[in-house]
Structures are given as C-alpha cells and as structure tokens.
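As structure tokens, the structure follows; a few thoughts come after it.
The values are calculated or read from the model by the stated rules, or taken from the named source; none is laboratory data. Quick caveat: nothing in here was measured; it's all calculated off a predicted structure. FYI the Cβ positions are ideal-geometry reconstructions off the backbone, even for glycines, and counts take in every protein chain you see. These area figures cover heavy atoms from the full protein model, side chains too; ligands, DNA and RNA do not enter into them. Shrake-Rupley method; radii C 1.70, N 1.55, O 1.52, S 1.80 Å.
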Amino acid sequence: MTLSQERILATEIPGPRSRELQARKVAAVSAGVGTTLPVYVEQAGGGVLRDVDGNQLIDFGSGIAVTTVGNAAPRVVEAVQRQVADFTHTCFMVTPYEEYVQVCEKLAELTPGSHEKRSALFNSGAEAVENAVKVARHHTGRDAIVVFDHAYHGRTNLTMALTAKNMPYKHRFGPFAGEVYRAPMAYPYRWPGGPEACAEEAFDAFVATVHAQVGEDNTAAVLIEPIQGEGGFIVPPPGWLRRVSDWCREHGILLIADEVQTGFARTGDWFASDHEGVVPDLMTTAKGMAGGLPLAAVTGRAEVMDSVHVGGLGGTYGGNPVACVAALAAIETMEAEDLPARAREIEKAFVPRLEALAARHPDRVGDIRGRGAMLAVELVSDGAGRTPDAALAGAVHRACSAQGLVTLTCGTFGNVFRFLPPLAIGDDLLAEGLDIFEQAFDEAAGKVE
C-alpha cells in the first residue's frame, strides 16, 4: 500500500491506540529507554509516518538521521526482500558473502581521498567508533585519544568516555575507559573571543591542550565530528578542521572523522569532510548508510586498517547480508536521485524562513547553523546574553508534536532545535512542516516572554 504524502490528524496526538501501547511499553520495557513522542508507527514512507490511530505525521527527524532515502525506499525494500529469501546470516568471519565485499568497495569509492582503503563492517555507530579507536591505537602503538567539548560518540563504555554530555548519556554509568582527553571545541556562537576569533583561538587552544595534557608522541588519534550532532549541530569555522588535520599529519597522529550523523548526503556532500577537502585517516559511518537497517563501518587508509592482526576486528552480526544489500540499494538511490543536491535544496528552503523567524524573535533565536539537511536553531532567553533556553525548545517541540510534526532537540544545554528531514520528503511537506514550526515558535515564545 502506498502511503499518501499528506499530514492527517485523525485523533489527538498521541491517540487512544498509541496510549494503550504506551501503557504496555511502560509495563514491559525498561524505564531507561525513553520515547520522544509516544505515537506508535505502523507505516512510513517519504516524509510521512502513519501511526496506529490513523494519524499521518510529517517527519523532520528521520529516526535521528537514519532514513535519509525515506522509509521503505523502493530499492531498499526490493533488495531486502530478495536477500531475506536467499539467506539471512552466515557470519562473514565463518563463511563470507559478496555483499559485504561490495559495501566495502563502495565505501572505498565514495569516502574522501584517492588513496588505497580498507573497511570493516559493524552494527552501530558506537561500535564503529570503538573499533576505529582500537585500530588507531594498534597502528600507532600509542594510547591517548583526543576528543572535544560537546562531542557525542555513543553509549558503550568507551564511547561514553568519548562523549562529553553527562545527562542522560553518562550519569552514574562510570567508571569509564581511560586515556581520553578533551579539548575545547571551535564553537563560533559561544567562543569567548567571538566568532571572528574562533578559528585561530580554538586551534591554538587545541594545540596547547594536547601539548600540555597529553603529549603529541602519546596521542594515537584525534576524533572529531566534522559537524557535531547531539552536541548541538555545531559547525566549526572555515579552515579550523583543515588546520587540525594538517597538525595531526605533522605529528604522526591519526585523524578520525566521526561521520555517523553527517555522512551519506546529509550535509549536501557525500560526507561533511568533503566540504573543506579534508581527508581523514579513518572514518566512521552508520545511520543513513543502510536505509534504516543496522549497519556501520570503519573505513581508512589501507596500511592503517591492515596493520591489525587477523581476528582483531569483527563481530557475529557485523556486516549482516540483509543490512549490506540495504546499504547498496540506499547508496544506489542516493546516486540515482542526487541526494546531496537535494540536501542543498532543503537548506535553501529552510534558511530564509529560519532567518525570518530570527528577525521576529531576535532575543530568542541566538544562532542559525548547519549545512544541507542538517540544520538547527539555538534558542536563548535574552538575546546577546546567550542564556540557553531549554524550556522554550521543549515547549516548541510539544506544540509541533500536537500538530503532527515530528521534531528533535539536542545540544549540551538542551536548547537546540534541530531539523533532519528525509531527503525523500516533498517540497509541500517541507513547507507545511515549517508553517507548523513557525506557528508553534511564535506562540511558545509569546507565552514564555
């Protein structure tokens, strides 16, 4: 059944059937597993989610940047159905299959740089990041990993150590893995010296931190999200990432780009690193790669990836054949429909309207940032005072939810409203979703003021 690309409010949000299911969830699922919007989905496609009550919601979240090609994308569905009928699992480390190799070949083709590359496949972004750290330490013989303020890299023990934010990710889950060091992030909006000084001063602060607290010769890798995700869609100033990359190469330190959220057409390029021509030594990918199926990868320089002993990388489910064919089909869709260009079109549709919103509420919209279809507004309570306003972000989110628009917030201070629509979404739905967001913002800002 084809899902109509329209918003439908058949009941209140959430509806009675969703509320029943939520009661069952509370009785059966750990309370530690939260739910942003407790509407229970029965079908999804394009830019729409249909719930069990017959409501159709506009999707501005993509399952946190996963359904980039749209839910149930035709090529992905066909490939998965065919593969499920052939076989669902053998474990690549026991009896391999071509689909795993094809994904790695495609990653070598698409990721930045013309050098020889190798990949290994895993199940989640956190698992990919953890294995990238393993590879970096093994190859360099060094222990220290440098990360940044506001970073998010996952929820495993090691990736919690790499992640900056305590609540909800790290609170009372320690002790964490050692030899992880944190440097200031180049955050133009909140840089003490101002946006104009951010690139230079943040780079100097990074170099000084590593030199004083770690030592260049002890550092295996610098791990960076080219645009930070959960930390608030923070875009470093032009030139900063390139300088970090050059500095790493000068000191024999590997640069690991965490492109789990930014990768695969999301930012208007295949990868966010492409924007400044940065070529990481290792790159982690997941989320948008496989059309909604769990698949992740570490891709890197052949001499680095091949330095690990046989058996040192792997996992029972890593590179599952069903997920692999889904990735191949999703990438084919991105290429055939030029989804990097579509992401740039979405940016052009969003930014003028967000700027108009900021003009109406100059004391509440502190910053507009992002690239492609990865955009955000940072909300404050006092304009130039830059006091984070998580309450306003929450109020806007609740109002959008009630009107059938799925939205997400993020940021270290919980005050960033982020937009991650599927790249398959139509222009009419984009415009309608922005209408809902603007109305919700106007009303919530007025009430808070």
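For the reader, a short list of remarks on this structure follows.
- R0 of 45 Å, Cβ-Cβ distance Ala27-Asp217: FRET efficiency to nearest 0.05: 0.25
- Region 1-25 versus region 260-331: alpha-carbon centroid distance in Å: 34
- Mean-position separation - Cα centroids, region 430-449 and region 103-119, in angstrom: 43
- Working note: Cα gyration tensor of region 27-80, eigenvalues times five, square-rooted, sorted largest first, giving semi-axes of 22, 14, 12 Å.
- Distance between region 122-181 and region 374-423 - C-alpha centres, whole angstrom: 26
- Overall, the ratio between the Cα radius of gyration of the chain and 2.2 N^0.38 Å, rounded to two decimals, is 0.96.
- Across the alpha-carbon set of region 391-449, the Rg to Rh ratio works out to 0.98, Rh being the Kirkwood radius.
- Working note: Karplus 6.51/-1.76/1.60 with θ = phi - 60° gives region 365-379 the couplings 9, x, 7, 10, 8, x, 8, x, 9, 10, 10, 7, 10, 9, 9 Hz, where Gly and Pro are set to x.
- Among Val244, Val101, the order of accessible area from largest down is Val101, Val244, computed with a 1.4 Å probe on protein heavy atoms.
- Accessible area expressed per residue, the chain, with surrounding protein chains retained (probe 1.4 Å, Å²): 40
- Whole-percent carbon and sulfur share, accessible surface of region 53-199, 1.4 Å: 53
- Region 105-158: proportion of alpha-carbon pairs further apart than 15 angstrom, %: 61
- Listed by chain and number, the lysines whose alpha-carbon sits under 26 Å from that of Lys348, ignoring those within fewer than 8 places in the same chain, are Lys287.
- For the chain, the relative contact order is 22 percent, taking Cα pairs closer than 8 Å that sit 6 or more residues apart in sequence and dividing their mean separation by the residue count.
- Among the protein heavy atoms, those of Val41 account for about 80 Å² of accessible surface (1.4 Å probe, every chain in place).
- Among 272-285, 220-233, the order from most to least packed when residues are scored by Cβ within 10 Å on average: 220-233, 272-285
- Orientation-averaged projected area, Cα convex hull of region 269-367 (nm²): 9.5
- Looking at the chain, the DSSP beta bridges with both ends there are about 65 percent antiparallel.
- Top of Ser30, Ser62, Ser307 by mean-square fluctuation, Gaussian network on the chain, Cα under 10 Å: Ser30
- Under the simplified labelling scheme, the Glu438-Glu196 pair shows an inter-label distance of 3.2 nm, with each label point 7 Å from Cα along Cα→Cβ.
- Rolling a 1.4 angstrom probe over region 232-321 with all protein chains present gives an accessible area of which 54% lies on carbon and sulfur atoms.
- P(r) histogram, all alpha-carbon pairs of region 110-215 included - 5 Å bins from 0, percent: 2, 11, 16, 18, 19, 17, 12, 4, 1
- The H on the amide N of Ala296, modeled in the peptide plane, is under 5 Å from the matching H of Phe122, Asn123, Ser124, Gly319, each at least 5 residues off or on a different chain.
- The chain, dipole about Cα centre (Lys/Arg Cβ +1, Asp/Glu Cβ -1), debye to the nearest 20: 1100
- A protection proxy built from the mean count of other Cβ atoms within 10 Å ranks the segments 149-159, 135-145, 81-91, 317-327, most packed first, as 317-327, 149-159, 135-145, 81-91.
- Over all distinct Cα-Cα pairs of region 295-449, the Kirkwood formula returns a hydrodynamic radius of 18.1 Å.
- Column: log10 I(q)/I(0), Debye, Cα scatterers of region 7-111, q = 0.12, 0.24 Å⁻¹: -0.64, -1.24
- For Thr2 and Ala85, the FRET efficiency from 1/(1 + (r/R0)^6), where r spans their Cβ atoms and R0 equals 30 Å, is about 0.85.
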